[in-house]
Structures are given as structure tokens and as C-alpha cells.
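Visitor: Okay, handing you the structure first.
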Amino acid sequence: MQSPDASRKVTVAVIPGDGIGTEVMDPTLRILEEVGSRHGLQFAWQHHDWSCEHYTRTGRMMPEDGLDQLAQADQILLGAVGYPGVPDHVSLWGLLIPIRRTFRQYINLRPVKLMPGIESPLRLRDGQDIDFVVVRENNEGEYSEVGGRMYRGTPEEFAVQESVFTRRGVERAARYALELADSRGGGLASATKSNGIVHTMPFWDQVVHETAKDFPGVHVRDYHIDALSALFVLDPGRFDVVVASNLFGDILTDLGAAIIGSIGIAPSGNLNPEGEFPSMFEPVHGSAPDIAGQGIANPLGQIWAASMMLDHLGHERAGAEVLAAVEATLVAGVKTPDLGGTATTTEVADAVLAHLTTGRVDPGAAATPDPEEPTP
Ligand SMILES: NC(=O)c1ccc[n+]([C@@H]2O[C@H](COP(=O)([O-])OP(=O)(O)OC[C@H]3O[C@@H](n4cnc5c(N)ncnc54)[C@H](O)[C@@H]3O)[C@@H](O)[C@H]2O)c1
């Protein structure tokens, strides 16, 4: 975490990516500029058109020196990548995973919080709330390059994929999650599957519990991933911080996004907690080809991710202002269709911006398109 400075210039690499990633990025930059101007933060944007479209043109998701270019930035904002016709492993391994690994973004932080003004698809009991954080290990685990295929195209064909769990990798994820649980005054749920996966998962459990000895105030409980997934649906109020391996965390957080109303509002931060390298902030959702180009993508996941970037920069007050504006927008009923509303991407972003500048959201104006304005 870096300390705030009175007039600070922050260089942010901006990668909108594909599909709705390109639609939710511009309004988010406008919001950052507005909040930054009132908190002594000046942004210099480094725009990159790296995407599946870039891949079809050049054969690469990003240029050969892409990571060197990103290393010049303080932080990275990403929209989403993925496009029909380009295999998903190309977009993931050609851009996202190299960034996460090269810059040691070993924590993937994903808040799962039911915002005011949103109804969960779950039937919550009276007084039950959803407000927890998933800490996903982001550099190793099940997403490894170790493995291969043999006897391709024959009846004997097979594939082997090795998981990689290191003491250092598990310990630093566990420590981050334990510190967070300690600061929130809550407990830690650790995702495991030690009954079926008999080498890596007992190792994960062991390292989590060894690390927890430094945090006597945090109660740690292991949950098998299958039972844990069921409890996300049946009793989400019991969780405060959840720590999980790369794959388990990936799956759990899409479920987390679903129970808070829409994947369109869920944010994530790929953190290099020591600040030695840029961290990367992105919404949980993908490029949503089914709605791309219609101007109805929910921008709140991207905007919330930007608020997480402000927190990471040490500007928590600015981050909280953005989040308060998001909440006010939802309470005023300015919502895109994924949340049951009729507002466009621009209208939702404008409502957030209006709250930042005037402290008010005008739901009527925001929900009804101005006839003078061309509809996107
Ligand atoms: N981090 C990333 O860049 C990332 C993450 C997930 C998927 N992807 C890629 O995105 C592409 C599409 O994947 P998918 O369909 O499985 O997941 P997706 O998140 O793109 O879409 C899933 C569903 O949620 C809806 N949705 C998602 N974001 C929304 C938003 N902001 N507002 C309103 N509705 C929204 C979509 O319309 C779709 O019905 C694939 O190529 C995939 O690889 C990329």
C-alpha cells in the first residue's frame, strides 16, 4: 500500500480488451478523473488496444514488449478479453495470466457484498446480509503450464495437467487472508478438498493452519469445496473472509457474483501487495458477446474495480466516495437490464458521476433517455 500524496500523478495502463470491456472503460475513466481532481490525484492514461482483435491482426494478444510497457505504469485497469472464434485459452494465457504472474499479483481479491437497492436471487432470512471477501491465490495452483498430451488422435490419447502448490505461494495467500480477517474482526473459511485430492489439498490445509498460528484471534475453519459452494447459497451470511486456491477461488467468485445480484457489478483486484509491481483491477465479468454493442452493459463492476484501485493507492476516502456513489445510483433505481432496470451503460455511469459532483442522483433524468441524445 502506497501513501497518499498531496498532488500525485498516477500512471495507469488502460486495457479495455474486447466486447463490453470497451464499453465500460471510458465512463470509468471519467469517474476516476472527477474523483481524482478532488483528492489530489492526477491520472496519466496509457491506452493499449490489446485484445482478441489485436490477436487476429497480429497473432499476439499484446506486443512482444507488452509486459515491459506495463512495467512503466503504476497500476493497470483491465476491461475484459475474449471473443468468439479466438479460443479462450489464447486470450487468458496471452494476456491475463502473464500479467498476473510477471507482476507477482499473487492475490486476487473479490468482495462479495450485497449492495443496497439490489435484490439477491437468494431468499435471505430477515437480518441476513451478504458481505464477505474472497481471497483467491492467483499465481499457481491448478492453473499451471505443467503437463501435456500424448498419442494425439489415437484411442490411447491422454492429457496430464499438474497442479503446483508451493509453501511460499500458499503461505502468502493465507497470510494476506488472515490479516484481512483480523482487521475485519471475523473468521477465515479455507476452501479444501483434502478428502479427494490427497497431496496438494492436505498440504494447503497444513500451511494455512501453520500460518494461522501468528493470528490467534482469527478462527480458521476448513470447508470442502462442494459443501462450501452449497453454503454460499444456503447461508452466505456466515462468511467473512474466504481463502481459496486459484481454481476453487475462480469458481466460488462467479457464484459470489451471482448471489449479489449480477456478475455485472462484481469487481476484482489482482494485487501485488508489496507494491513492487503494478497491480491490476478488473471486473469479474467477461466480454459478454451476447450483449456487446447494445450499450446496456452494466458498468458498475468496472467502476467498483476502479474504487478498489483507489484503495490500493492509499486513497481510501476517494475509493469510498466512488462506492457511495455506486450505492446511491442503485438505491435511486438507475440500473441496467441485468439488474432488472432499463438504463443504459451511459446513464448508469452518468448517475454515478452526478452523485460524485452534486451529491444527488436524479433517477428520472437518468432512467429516461434524453431525446436529443443519440442512443448508443
Ligand atoms: N477476465 C476476463 O477478461 C474474462 C472473464 C470471464 C470470461 N471472459 C471471456 O469472456 C467471454 C464471454 O464469457 P462468458 O459468457 O462465459 O462470461 P461473461 O461474464 O462475459 O457473460 C456471462 C453472462 O453475464 C452477462 N454479463 C456479463 N457482464 C455483464 C455486464 N457488465 N452487464 C450485463 N450483463 C453482463 C452476459 O451478458 C452473459 O449473459 C469468453 O471469451 C470468456 O473467455 C473473460
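Visitor: How do the helices (runs of 4 or more DSSP H) wholly within the range 1-76 filter down when requiring 3 or more residues that are touching a residue at least 12 places away in the same chain (Cβ under 8 Å) and within 16 Å of the ligand (Cβ to nearest atom): which remain? Walk me through it before giving the result.
Guide: On the way: elements: 21-37, 52-58, 66-71.
The helices (runs of 4 or more DSSP H) meeting that bar are 21-37, 52-58.
Visitor: If you don't mind, another one. Any residue in the range 30-49 that is within 19 Å of the chain's Cα centre (by Cα), more than 23 Å from S144 (Cα to Cα) and crowded, with 21+ Cβ neighbours inside 10 Å? Don't jump to the end; show me each part of the working.
Guide: The first filter runs over the range 30-49 and keeps only residues within 19 Å of the chain's Cα centre (by Cα), leaving 31-32.
Restricting the remaining residues to those that are more than 23 Å from S144 (Cα to Cα) gives 31-32.
Checking the rest, the ones that are also crowded, with 21+ Cβ neighbours inside 10 Å come to 31-32.
Within the range 30-49, one or more residues are within 19 Å of the chain's Cα centre (by Cα), more than 23 Å from S144 (Cα to Cα) and crowded, with 21+ Cβ neighbours inside 10 Å.
Visitor: If you don't mind, another one. Assess whether L180 counts as being surrounded by fewer than 21 Cβ atoms within 10 Å (Cβ to Cβ) and among the aliphatic types (A, V, I, L, M). Lay out the reasoning, then the answer.
Guide: Values: surrounded by fewer than 21 Cβ atoms within 10 Å (Cβ to Cβ): yes; among the aliphatic types (A, V, I, L, M): yes.
In short, yes.
Visitor: Go through G186, G196, G153 for me and flag whichever is surrounded by 16 or more Cβ atoms within 10 Å (Cβ to Cβ) and in a loop (DSSP other than H, G, I, E, B).
Guide: Working: G196 fails: surrounded by 16 or more Cβ atoms within 10 Å (Cβ to Cβ); G153 fails: surrounded by 16 or more Cβ atoms within 10 Å (Cβ to Cβ).
After applying the criteria, what remains is G186.
Visitor: What is the residue count in the range 284-298 for residues that are near the ligand (Cβ under 7 Å from one of its atoms), of a type outside the set (A, V, I, L, M) and farther than 20 Å from S91 by Cα?
Guide: Selection size over the range 284-298: 1.
Visitor: Are any residues in the range 156-169 touching a residue at least 40 places away in the same chain (Cβ under 8 Å) and part of a helix (DSSP H, G or I), and if so, which ones?
Guide: Across the range 156-169, the qualifying residues are R167, G169.
Visitor: Follow-up question, since we're still on this one. When A306 is evaluated against the numbered criteria (1) under 29 Å from T11 (Cβ atoms); (2) within 11 Å of the ligand (Cβ to nearest atom), which criterion, by number, is the only one it fails?
Guide: Failed condition: (2).
Visitor: So which pairs qualify, if the first residue must be in the range 332-343 and modelled with pLDDT of 95 or more, the second must be among the small types (G, A, S) and more than 8 Å from the ligand (Cβ to nearest atom), the Cβ gap must be under 6 Å, and the two must be at least 6 apart or on different chains?
Guide: V334/A343; V334/A351; V334/A366; V334/A367; K335/G341; K335/A343; T336/A343; A343/A367
Visitor: Moving to a separate point now. Is one or more of the residues making up the range 100-118 in a loop (DSSP other than H, G, I, E, B), surrounded by fewer than 20 Cβ atoms within 10 Å (Cβ to Cβ) and in contact with a Pro (Cβ under 6 Å, 6 or more places away or on another chain)?
Guide: no
Visitor: Same structure again: Any idea which of G79, G94 is surrounded by fewer than 23 Cβ atoms within 10 Å (Cβ to Cβ) and either in a loop (DSSP other than H, G, I, E, B) or in the same structural domain as M309 (by TED's automatic domain parsing) (or both)? Before you say what the answer is, go through the steps one by one.
Guide: Numbers: G79 fails: surrounded by fewer than 23 Cβ atoms within 10 Å (Cβ to Cβ).
Residue meeting the stated conditions: G94.
The values are calculated or read from the model by the stated rules, or taken from the named source; none is laboratory data. Computed from a prediction, not measured in an experiment: that's the story for all the values here. Note that each Cβ is placed from the backbone with ideal geometry, even for glycine, and that neighbours are counted across all protein chains shown.
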